[in-house]
Amino acid sequence: MEEPQVIFISDSKPSLEELQSLVGGYIEVIIPRLKPDEETNYVVNEEGSLKNLPPNKKAEELTGVPIVGNMVVLAKKALLT
């Protein structure tokens, strides 16, 4: 099984379909325990635990929240509105 990734996007706002493709399913925007702010969005697979996706240690280090599967970090021009 592939190692989960943390994908950073800041140059343009991705479409819903692009986000779903990157996380492998329905998206969920999470609020991190570490450094909650309005300048960054963290997007994960809403059903990641149900799908038994592997833990993403890099994402957990960034957020302070257990994350499974890929996580997309949106900043600057890529922020969701």
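The values are calculated or read from the model by the stated rules, or taken from the named source; none is laboratory data. Source: prediction; values computed, not measured. Backbone-built Cβ (ideal geometry, glycine too); neighbour counts: all protein chains shown. Each accessible area value is taken on the protein alone, full model and side chains, heavy atoms only, with ligands, DNA and RNA left out. Shrake-Rupley method; radii C 1.70, N 1.55, O 1.52, S 1.80 Å.
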* Volume of the Cα convex hull of the chain, divided per residue and given in Å³ -> 82 Å³
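Calculate, in nm to one decimal, what Glu46 and Lys77 gain on full extension: separation in residues at 0.36 nm each, minus their alpha carbon distance. Each step should come with its number before you reach the end.
On the way: separation 31, 0.36 × 31 = 11.16 nm, distance 2.34 nm.
Fully extending the segment from Glu46 to Lys77 adds 8.8 nm.
Rounded to the nearest 20 debye, what is the charge dipole size of region 25-81 about its Cα centre when +1 sits on each Lys and Arg Cβ and -1 on each Asp and Glu Cβ?
Numbers: 7 positive and 8 negative charges, 38 e Å.
In total the dipole reaches around 180 debye.
Taking 22 Å as the cut-off for C-alpha to C-alpha distance, list the pairs among Lys51/Lys77; Lys51/Lys76; Lys35/Lys77 that go past it.
Working: Lys51/Lys77 31 Å; Lys51/Lys76 31 Å; Lys35/Lys77 20 Å.
The pairs that break the limit, which is 22 Å between Cα atoms, are Lys51/Lys77; Lys51/Lys76.
Suppose all protein chains stay in the model; what accessible area per residue would a 1.4 Å probe give for the chain, in Å²?
Details: 5440 Å² over 81 residues.
On a per-residue basis, 67 Å².
Going through the chain, which trypsin sites (Lys or Arg not before Pro) have at most 14 other Cβ atoms within 10 Å and a DSSP loop state? Numbers along the way, then the final one.
Details: sites: Arg33, Lys51, Lys57, Lys58, Lys76, Lys77; in loops: Arg33, Lys51.
Those satisfying the criteria are Arg33, Lys51.
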